[in-house]
Amino acid sequence: MVIGIDTTYIGNEIPGLKGKKVRIFAVLHGGLRPDADPDADNYYADTEEKLARLGGVTAEDRIDAASIRPGGTTSFVHVDPRAIDLECFAHLQKPRGE
């Protein structure tokens, strides 16, 4: 399961978010690709079924996420970190030198 899980932001791309918990709302499929089309039907995967049809999360994806407040609610402000900048997807990053 990916949609709705909580994880930690471990990247440096979004200032002030490092080490903070975020909740995943969707996967922006191929969001890092130069030819990514936000209007395409296969871009915004907000259900497990749609994500499975797209092949799951890859290192080329961005994630629609929001930071988690102390009471467990999420901010209304969403961010789109690289998948590999979230602790639960860090294993997708290729080792340096490849």
Glu49-Ala90 pseudo-label distance in nm [points 7 Å out on the Cα-to-Cβ vector]: 3.4 nm
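Take the solvent-accessible surface of the protein heavy atoms, probe 1.4 Å, and return the percent of it on the range 5-92 that carbon and sulfur atoms account for. Don't skip to the answer; put the middle values down first.
Working: 2550 of 4910 Å².
That fraction is 52 percent.
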- line: Over all pairs of different Cα atoms in the chain, the reciprocal of the mean inverse distance gives a Kirkwood radius in Å of 13.7 Å
- request: Using a cut-off of under 16 Å, list every residue of the range 1-23 whose amide N is near the label point 7 Å from the Cα of Leu32 along the Cα-to-beta-carbon line.
  value: 9-14
- request: Arrange the residues His78, His91 by how much accessible surface each exposes, largest first, with a 1.4 angstrom probe.
  value: His91, His78
query: Gaussian network model of the chain, Cα springs within a sub-10 Å range: biggest mean-square fluctuation belongs to which of Gly30, Gly71, Gly11?
result: Gly71
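Rolling a 1.4 Å sphere over the protein heavy atoms, what is the accessible area per residue of the range 5-92, to the nearest Å²? Kindly include the intermediate steps, with their values, before the conclusion.
Numbers: 4910 Å² over 88 residues.
Result: 56 Å² of accessible area for each residue.
The values are calculated or read from the model by the stated rules, or taken from the named source; none is laboratory data. All figures in this text were calculated on a predicted structure; none of them were measured in a lab. When we count neighbours, we look across all protein chains shown, and the Cβ atoms used for this are built from the backbone with ideal geometry, even at glycine. These accessible areas exclude ligands, DNA and RNA; they are computed on the full protein's heavy atoms, side chains included. Shrake-Rupley method; radii C 1.70, N 1.55, O 1.52, S 1.80 Å.
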